[in-house]
Amino acid sequence: MTLLSIVIDKIFKETKACAHCDIPCGIYDPHNAQMAAHTVLRMTNLLLDIQRENETKAKHDIARMTHVKEEHGHLVEDELGTLENDYFKPEHFKTYSNLGELIEKAVKLSILVRQNIDIESSKELLETILQISEIFYKTKNVTPIRVKSVYPTEGEIVTYK
C-alpha cells in the first residue's frame, strides 16, 4: 500500500451498507428466510449423520456443512432484518402482538443453531420462521397456507391462496 493510498483511505473512510432495497421497492417476501431455515435444518441433519469411516472425508464434510449452516443461519437474520425494518410497520406489530417476540426468538435461534449441532433448535427455528411467514401473508390480505415441502427436511413451507 502506497503512502497516497493510505492517506486516501484515512480521508475517505469506506462504509459498508447492506439493504434489500432502500427505494422502497415494495418487493418483500419471507421465502428466502424459509429456505434458509430449511437449509440450516438439513445441514444439521447431515452433520448428525456423518460417517467416520474415512476421517479425512468426515472432516471435509463437517467443514463444508458447517460453513453452509453458518451462511444460512446468517441469511435468516438478514431476511428477518429486512422484513422487520423495511416491511413490517407499527400497525403490524400492534395487530400481531407476538410478531416482535417471534422475530427476536428466530434471531436468537439462528445464533443458537450456528453455535451448536442442535436438531430441536433447528426445527424450532423453522417453525418460528413459518409463523412469521403466516403473519406476513396476513398483512398482505391473502390467506397463508402451509404445504408439505419437497425438501429432504420433510418440513412445511408457507405460501398463500
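Rule-based calculations on the coordinates, nothing more; no lab input. Since we're looking at a predicted model, the values are computed, not measured. Virtual Cβ from ideal backbone geometry, glycine too; neighbours counted across all protein chains shown.
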In straight Cα distance, which aspartates and glutamates are under 19 Å from Lys57, not counting same-chain residues fewer than 8 positions off?
Asp49
Given (1) 13.8; (2) 18.9; (3) 12.6 as candidate values of mean projected area of the Cα convex hull in nm², which corresponds to the one derived from the coordinates?
(1)
Selected from Gly81, Gly100, Gly26 as most flexible by GNM, with the chain as the system and alpha-carbon contacts under 10 Å
Gly26
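With an 8 Å Cα cut-off and a minimum separation of 6 or more residues, compute the relative contact order for segment 36-161 in percent. Working shown, then result.
Details: 133 pairs, mean separation 33.4, N = 126.
RCO, segment 36-161: 27 percent.
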Convert each backbone phi in segment 146-161 into a coupling constant with the Karplus relation 6.51 cos²θ - 1.76 cosθ + 1.60 (shift: θ = phi - 60°), then list the ³J(HN,Hα) values in order as whole Hz, x for Gly and Pro.
9, 10, 5, 6, 9, 8, x, 6, 6, x, 10, 10, 9, 10, 8, 8
Once phi is turned into ³J(HN,Hα) by the Karplus curve 6.51 cos²θ - 1.76 cosθ + 1.60 with θ = phi - 60°, what whole-Hz value does each residue of segment 99-114 show in order, with x for glycine and proline?
4, x, 5, 5, 5, 4, 4, 5, 5, 4, 5, 5, 5, 4, 6, 7
Greater than 20 Å separation of Cα atoms is the criterion. Which listed pairs, Lys69/Lys108; Lys69/Lys105; Lys138/Lys161; Lys69/Lys123; Lys59/Lys105; Lys108/Lys138, meet it?
Lys59/Lys105; Lys108/Lys138
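Can you compute the helix-only [θ] at 222 nm over the chain? Use -39500 (n - 2.57) per DSSP H run of at least 4 residues, normalise by all residues, nearest 500 deg cm²/dmol.
Numbers: 6 runs with 99 residues, N = 161.
Taken over the chain, the calculation gives -20500 deg cm²/dmol.
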How large is the charge dipole for the chain, taken about the Cα centre, if only the Cβ atoms of Lys, Arg (+1) and Asp, Glu (-1) carry charge, to the nearest 20 debye?
140
Cross-link partners of Lys94 among aspartates and glutamates (Cα-Cα below 17 Å; sequence separation of 8 or more within a chain)
Glu84, Asp86, Glu104, Glu134
Taking the chain as a Gaussian network, where each spring joins two C-alpha atoms under 10 Å apart, which residue of Asp78, Asp49, Asp86 fluctuates the most?
Asp49
Would you mind telling me which residue in Glu127, Glu71, Glu53 has the biggest mean-square fluctuation in a Gaussian network model of the chain, where springs connect alpha carbons within a distance under 10 angstrom?
Glu53
Please list, in chain and number order, the residues 5+ apart from Glu156 or on another chain whose amide H is under 5 Å from its amide H, with Hs placed from the backbone.
Ser149
